[in-house]
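Participant: Before anything else, here's the structure in question.
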Amino acid sequence: MISFGTDGWRGIISDAFTFENVRLVSQSLADMINEDAKLPKKIAIGFDRRFLSKEFAEETAKVMAANGIMVLLAEDFIPTPIVSWSAKNIAGLAGGVVITASHNPSFYNGYKFKENLGCSASSETTKKIERHISSNQKSGSKPKILESVDEGFKKGSIKTFNPIDDYTNSLSNVINCKALKNLKGK
């Protein structure tokens, strides 16, 4: 059973956290986004350095794009706070997905959905995703998925993005870097 806990869904890689289950969760998230007329049909997807994180992120992108959701796929690994920042600060996003198990042991991976305020998905949101998971499993509905990420690039439904510079610049608006530099040796 796939269920969201604190800040997402996690599982042991190749046990619960499989490509099949990532596609199922992605389809259910896409269903939730598509049923809500207020949510933009665009999402950012990031991933960490864990084993297969990039490939799980690409599977997520292929499902989202096949469901009519425009994807901004990180060109390289990025930390979770940058995905949260992107979900809030890139105009027109429904939110962001980050493939990471955070502090959990290396044999875990995880799927976090960040709402377009940059915060972790609310329990109301995760319950909606879980209802779609249950419904899709009961009906035997298979996820819609593109053949490849390249197909999404060719169609323009998947684009890469690199928010690191914008994120770093935004930090300089809230952190006094000059004062931090002056603290050297104190």
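The values are calculated or read from the model by the stated rules, or taken from the named source; none is laboratory data. Just so it is clear, the structure is predicted and the values come from calculations on it, not from any experiment. Every residue, glycine among them, receives a Cβ derived from its backbone with ideal geometry; neighbour counts consider all protein chains shown. Side chains included, ligands, DNA and RNA excluded: accessible areas come from the protein's heavy atoms. Shrake-Rupley method; radii C 1.70, N 1.55, O 1.52, S 1.80 Å.
Participant: Report, by residue number, each residue of the range 146-181 that is more than 26 Å from Glu55 (Cβ to Cβ), surrounded by 10 or more Cβ atoms within 10 Å (Cβ to Cβ) and without any contact (Cβ under 8 Å) to a residue 24 or more places away in the chain.
Facilitator: Scanning the range 146-181 gives Thr168, Leu171, Ser172, Ile175.
Participant: State the number of residues belonging to the range 18-49 that are of a type outside the set (D, E, K, R), assigned to a loop (DSSP other than H, G, I, E, B) and farther than 22 Å from Thr160 by Cβ.
Facilitator: 3
Participant: Here's another thing I want to ask about it. Within the range 60-71, does at least one residue satisfy the condition of being part of a helix (DSSP H, G or I), of a type in the set (A, V, I, L, M, F, W, C), closer than 21 Å to Leu146 by Cα and open to solvent by 10 Å² or more (accessible area, probe 1.4 Å)?
Facilitator: Taking every residue of the range 60-71 in turn, at least one turns out to be part of a helix (DSSP H, G or I), of a type in the set (A, V, I, L, M, F, W, C), closer than 21 Å to Leu146 by Cα and open to solvent by 10 Å² or more (accessible area, probe 1.4 Å).
Participant: Which number in (1) touching a residue at least 24 places away in the same chain (Cβ under 8 Å); (2) open to solvent by 60 Å² or more (accessible area, probe 1.4 Å); (3) not charged (D, E, K, R) marks the one condition that Met32 misses?
Facilitator: Failing condition for Met32: (2).
Participant: Could you list, in sequence order, the residues of the range 72-81 that are in a loop (DSSP other than H, G, I, E, B) and open to solvent by 10 Å² or more (accessible area, probe 1.4 Å)?
Facilitator: Glu75, Asp76, Phe77, Pro79
Participant: Of all residues in the range 82-110, which are part of a helix (DSSP H, G or I) and among the hydroxyl-bearing types (Ser, Thr, Tyr)?
Facilitator: The answer is Ser84, Ser86.
Participant: Sticking with this one: Considering only the range 1-15, state which residues are outside any strand (DSSP E or B) and open to solvent by 40 Å² or more (accessible area, probe 1.4 Å).
Facilitator: Hits for the range 1-15 are Met1, Ser3, Thr6, Asp7, Ser14, Asp15.
Participant: If Gln137 satisfies every condition in (1) under 16 Å from the mean Cα position of the chain (by Cα); (2) more than 18 Å from Phe56 (Cα to Cα); (3) open to solvent by 60 Å² or more (accessible area, probe 1.4 Å) but one, which is the exception?
Facilitator: Against the list (1) under 16 Å from the mean Cα position of the chain (by Cα); (2) more than 18 Å from Phe56 (Cα to Cα); (3) open to solvent by 60 Å² or more (accessible area, probe 1.4 Å), Gln137 comes up short only on (1).
Participant: Considering only residues that are among the β-branched types (Val, Ile, Thr) and open to solvent by less than 10 Å² (accessible area, probe 1.4 Å), which ones fall in the range 16-29?
Facilitator: Matches in the range 16-29: Val22, Val25.
Participant: For the range 111-126, enumerate the residues that are part of a helix (DSSP H, G or I) and exposed (fewer than 14 other Cβ atoms within 10 Å of the Cβ).
Facilitator: Ser123, Glu124
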